[in-house]
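Enquirer: Sharing a structure here in structure tokens format.
The values are calculated or read from the model by the stated rules, or taken from the named source; none is laboratory data. Predicted, not measured: the structure shown is a model, and the values here were computed from it. Please note: Cβ atoms are built from the backbone with ideal geometry, for glycine as well, and neighbour counts cover all protein chains shown. Keep in mind that these areas ignore ligands, DNA and RNA; they rest on the heavy atoms of the full protein, side chains included. Shrake-Rupley method; radii C 1.70, N 1.55, O 1.52, S 1.80 Å.
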Amino acid sequence: MSNPTVELTLPVMQDMELAATKTAEVIANRMDLDEEKTDEISMALIEACINAFEHSKSKDNIFIQYIIDPEKLIIKVGDKGIGFDAEVVAIPKIEEKIISDNKRGWGLQLMKELMDTVDFQSSEDGTTVTMTKNR
Amino acid sequence: MSDFNLKVREEGDITILETSGYLNNFGGDRVASICKQSISEGKRKLLINMENTKMVNSIGVSILIEVIEDLQGVNGTIGYYNVAPIVEKTFNIMGITNYSKIYTSEEDAIEALK
């Protein structure tokens, strides 16, 4: 039997990432995840959605799957943008950012720190980030 | 529309901002605007009460880095109190706690900034 899956489609609109976090909270509660893990999932999800909204350069909807595995929650955030190479994204350093004109670029780092695994699949047809949080 | 709100008050020579709601790009811009105005008026000590901000995003926090940079230029300081655990974790991951401080309460923060 396949794992229970919740699917959500979000338009590219201001603060729509919060709709994704509300769904995540319901699912995390259903999985009996504690508040710390639930908040970490929400924060990582916010960053994944913002990346999809902003970096995809796409006006299409973004797609989110929450897959409830017995051992973990798997979240996939997909867009139909132009794609990017996560390997070439520099790890941000505060001592450099504080004197730089570009203070942004923290999303990937936050996702990696807050989730147990983060993987990207990207092509010219779009990007899907898959994040997991263990129970 | 963002549900972000902001109140500002003075406590001696300290400017205290009280945020409410999601600290995103709009919230960050509003905080930065008040902070920059305060700095331009000669204020050097800023505090943010984040009791009613349970969630932030990296864009909002990035804008706080601008404020920290501005304060470094005038030997000023910024601190935060009533910070939710996930917000504190985000601040730590981004490293802004290397350049600004989280306090446990307003009293502790004001005492430290005297």
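Enquirer: Using only atoms on other chains, find how many Cβ atoms lie within 10 Å of each Cβ of peptide B:60-66 and report the average.
Expert: That average works out to 4.
Enquirer: Gap in Å between the Cα centre of the range B:26-86 and the Cα centre of the range A:32-106?
Expert: Value for the Cα centre distance between the two parts: 23 Å.
Enquirer: Could you tell me what percent of the accessible area of chain A is made up of carbon and sulfur, with a 1.4 Å probe and every protein chain present?
Expert: Within chain A, the accessible surface is 47 percent carbon and sulfur.
Enquirer: In the range A:27-43, what residues drop by 40 Å² or more in accessible surface going from the chain by itself to the full protein assembly, probe 1.4 Å?
Expert: A:ASP39, A:MET43
Enquirer: Something else about it: Taking the solvent-accessible surface of protein heavy atoms with a 1.4 Å probe, what is the per residue accessible area of chain B in Å²?
Expert: The answer is 44 Å² per residue.
Enquirer: When only C-alpha pairs under 8 Å and at least 6 residues apart count, what is the relative contact order of the range A:1-103, in percent?
Expert: In percent, rounded to a whole number, it is 30.
Enquirer: Using only atoms on other chains, find how many Cβ atoms lie within 10 Å of each Cβ of peptide A:59-72 and report the average.
Expert: Mean shielding by partner chains, rounded to a whole number: 0.
Enquirer: I've got another one for you. Given a 1.4 Å probe, how much area per residue of the range A:1-80 is accessible, in Å²?
Expert: 51 Å²
Enquirer: Can you compute the modelled spin-label distance between A:ALA19 and A:VAL89, with each label point 7 Å from Cα toward Cβ, in nm?
Expert: 2.3 nm
Enquirer: Just need the relative contact order of chain B here, percent rounded to a whole number, with Cα pairs under 8 Å and 6+ apart.
Expert: After rounding, I find 24 percent.
Enquirer: Continuing with the same structure: Inside 10 Å of the C-beta atoms of A:98-105, what's the mean count of C-beta atoms belonging to other chains?
Expert: 5
Enquirer: Determine the shape class of chain B: with a ≥ b ≥ c the square roots of the Cα gyration tensor eigenvalues, call it rounded for a/c under 1.5, and otherwise prolate if a/b is greater than b/c, oblate otherwise.
Expert: rounded
Enquirer: If you take every DSSP beta bridge fully contained in the protein assembly as shown, what fraction is antiparallel? Give it as a percent rounded to 5.
Expert: Among the beta bridges of the protein assembly as shown, antiparallel pairing accounts for roughly 70 percent.
Enquirer: In whole percent, and with a 1.4 Å probe on the protein chains, what portion of the accessible area of the range B:63-114 is carbon and sulfur?
Expert: Carbon and sulfur atoms account for 43 percent of the accessible area of the range B:63-114.
Enquirer: Reported to two decimal places, what Rg/Rh ratio describes the range A:4-48 when computed on Cα atoms with Rh from the Kirkwood expression?
Expert: 0.97
Enquirer: Would you calculate the separation in nanometres between label points at B:LYS114 and A:SER100, each defined as 7 Å from the Cα along the Cα-to-beta-carbon direction?
Expert: The answer from the label model is 4.0 nm.
Enquirer: Please sort A:109-120, B:21-32, A:7-18 by packing, taking for each peptide the average over its residues of neighbouring beta carbons within 10 angstrom, highest first.
Expert: Answer by packing, highest mean first, reads B:21-32, A:109-120, A:7-18.
Enquirer: Per 0.36 nm of contour for each residue apart, how much would the distance between B:ASN75 and B:ASN98 grow if the chain were fully extended, relative to their Cα-Cα spacing?
Expert: So the chain would gain 6.8 nm between B:ASN75 and B:ASN98.
Enquirer: Compute for chains B and A the buried accessible surface, both sides summed, probe 1.4 Å, and express it in Å² to the nearest 100.
Expert: So the total buried area for this chain pair works out to about 2200 Å².
Enquirer: Turning to a different aspect of this structure: Hand me the tally of lysine pairs in chain A: alpha carbons under 13 angstrom apart, and the pair either on different chains or 8 or more positions apart.
Expert: 8
Enquirer: Average projected area of the Cα convex hull of the protein assembly as shown, in nm²?
Expert: Averaged projected hull area, Cα only: 13.8 nm².
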